[in-house]
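Every number here is computed from the coordinates shown, using simple stated rules; none is lab data. Just so it is clear, the structure is predicted and the values come from calculations on it, not from any experiment. Backbone-built Cβ (ideal geometry, glycine too); neighbour counts: all protein chains shown.
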Amino acid sequence: MAKKVISLDDLPVVGNNNTVHRDSEIYSTGAVLLMDKPLDWTSFDVVNYVRNRIPPKKVGHAGTLDPLASGLLILCTGKATKSISQIQELDKTYEAKIKFGASTPSYDAEAEPDITAEWNHISPEMISEVLQQKFTGLIDQVPPAYSAIKVKGERMYKLARRGIDIALNPRKITIHEINILDVSLPEVTIRIRCGKGTYIRSLAHDLGIELGSRAHLIGLKRTSIGHFDVKDAVTPEEFNQFPK
């Protein structure tokens with residue numbers, strides 16, 4: 001029997017701008033919890049942290065953030081876990097810092113550079129033009145080898161760490177908007193609003209190649225998911241201070 005989907009509009013949202021969290025029973029009946037994931041925490045670290053501090057043990061997140069990324073992570077408790085798929089379909093906004101001159105196997109700073117290239121020919125105008133022409137709208141994107149995608153029941157990043165190379169086919173993704181926030185070459189900071197399934201690490205990697213160089217992601221923060229904003233989220237420390 002299919003799970004009954006509950007509308008997000010019918011669920012209480014727990015953040016830093018309301019007092020609904022003062023009733024611990026809210027988590028048992030089902031709530032959407034806005035968390036500001038710290039750097040170096042995995043998404044499952046946050047889930048376990050919350051699970052150990054609220055009555056129901058049923059807690060899930062609605063979209064993974066890499067350990068080297070921070071920002072908005074939405075958790076659902078109790079019956080609200082039935083609405084995770086709705087949240088995953090929402091557009092997401094990120095602020096990403098990209099560094100030119102080298103690529104890494106993981107497409108971010110988790111791994112050491114494997115290929116280096118010149119970057120001095122790159123200008124702010126070139127970056128802007130390529131972002132608008134090649135990375136906006138409906139595009140093809142190959143997910144990074146270091147990802148949580150499953151191949152024959154095993155996560156890609158586990159295979160990659162064992163040196164097993166799996167070729168993935170490009171996937172259609174939608175990037176609605178890209179804005180340049182800062183250019184301090186060899187680094188650039190951009191804001192991206194995108195649809196489901198977008199890998200910002202892949203965008204960074206591909207951008208380097210399109211500009212005749214190499215690049216990798218050195219910073220990432222998710223600032224919003226749909227109408228949910230990181231400004232309304234609580235940190236783990238703040239959540240730990242909520243009344244039990």
Total charge dipole magnitude, the chain, about the Cα centre, Cβ charges on Lys, Arg, Asp, Glu only, Debye to nearest 20: 1220
Computed [θ] at 222 nm, helices only, for the chain once each DSSP H run of length n ≥ 4 contributes -39500 (n - 2.57): -5500 deg cm²/dmol
Ranking of T198, T116, T174 by count of other Cβ atoms within 10 Å, fewest first: T116, T174, T198
Cα long-axis angle, helix 200-210 against the chain (0 to 90 degrees, to the nearest 10): 10
Distant-in-sequence amide H partners of G71 (H built 1.01 Å from N, under 5 Å): K37, R222
Estimated vicinal HN-Hα couplings, Hz - the stretch 31-37 in sequence order (Karplus 6.51, -1.76, 1.60; Gly, Pro = x): 8, 9, 10, 8, 10, 9, 5
Pairs from K37/K231; K134/K231; K37/K134 whose Cα-Cα separation, in the structure shown, is over 23 Å: K134/K231; K37/K134
Exposure proxy order (Cβ contacts within 10 Å, fewest to most) of K99, K79, K196, K37: K196, K79, K99, K37
Globularity index of the chain, i.e. its alpha-carbon radius of gyration over 2.2 N^0.38 Å: 1.08
Rounded to 10°, Cα long-axis angle of helix 124-134 versus longest principal axis of the chain: 70
Long-range amide H partners of R171 with built H, under 5 Å: Q141, V142
